Structure formats: C-alpha cells, structure tokens
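Read the figures in this text as sums done on the coordinates, not as results from a lab. Because the structure is a prediction, the values reported are computed rather than measured. Note that each Cβ is placed from the backbone with ideal geometry, even for glycine, and that neighbours are counted across all protein chains shown.
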Amino acid sequence: QVQLVESGGGLVQTGGSLRLSCAASGRTVISYALGWFRQAPGKGREFVAAISGRDSSTYYSDSVKGRFTISKDNVQNRVYLQMNSLKPEDTAVYYCAARSAPWIATMDRQYDYWGQGTQVTVSS
C-alpha cells in the first residue's frame, strides 16, 4: 500500500505562485507514474499533470501547460507541482495520485492511490 499526503496549498493572488508537495510512504514510488488532479466546487475531478515512472517524461493538460511544472525526487519519495501565473480558475482542491505502472495516464480511474487533497485558492 502507498499513502500519499499533499501539502503546500493556500491562498494566493492572481499571477502568484505556489508549490505543492506530495509525500509518499509505505513503499517507494520510483517506478510509479505520479499525477496531479484537481476538483473545483461543483465540477468533476480534472487531470492536471503527470510524470512517468520510467523516464520522468511529463504531460500536462492544456489549461496549465507552460504555467505548471511537475517534478519528483526519487530519494525523498516525493512529487511536486510548481504552479506559476496562477489564475482564479485554478482554484480547486488538488490531489496527488500514484499509479502502479510506469506509464503516464490522464484518467483518474487509472490511478490506484490518492492523497486527501490540498486547497488552492486564487483571488482576483
């Protein structure tokens, strides 16, 4: 089993930055694909970014491409999401997820483990 715990959320003004962190425990996730999803009030869970467990290649949704960066630290067993140029529409609960396979996936049902989420609020 893998446990995931997110941190780093908060309130920021439009144009600001935040860095989310997700700590994995229980087992190493070095070979797992890792992803970030978000869910805004009244909306479904949306894919944000993912990083491969094979070659650390990355993939982003069109809505965050060029503004967000996903990275991981295999020694610390952590995954990060650097969010720059934040917009009010980025306001959501952000979830870290791990997939028991190295290949990137963009659908939430393809992930096996989830964190509890961290709130990001961008004020206009």
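Some points to look at:
- Hits among aspartates and glutamates - C-alpha to C-alpha of Lys72 under 12 Å, sequence gap 8 or more where chains match: Asp55
- Alpha-carbon centroid distance for the pair region 1-47 / region 60-124, whole angstrom: 5
- Two-site FRET efficiency, Thr69 against Arg27, from Cβ-Cβ distance with R₀ of 30 Å, rounded to 0.05: 0.75
- Beta bridges per DSSP with both ends in the chain, % antiparallel, nearest 5: 90
- Where a label projected 7 Å from the Cα of Trp103 along Cα→Cβ would reach, residues of region 1-45 with amide N under 19 Å: 30-36
- Unit charges on C-beta of K, R, D, E only; dipole of the chain, Debye: 80
- A dipole drawn for region 61-124 from +1 and -1 charges on Cβ atoms has a positive end, and of Trp103, Gln116, Ala92 the residue lying farthest that way is Trp103.
- Ratio of Rg to Rh over region 69-124 (Cα coordinates, Kirkwood Rh, two decimals): 1.00
- One chain, two ends: Arg19 and Ser85. Fully extended at 0.36 nm per residue, the span grows by 22.6 nm beyond their Cα-Cα distance.
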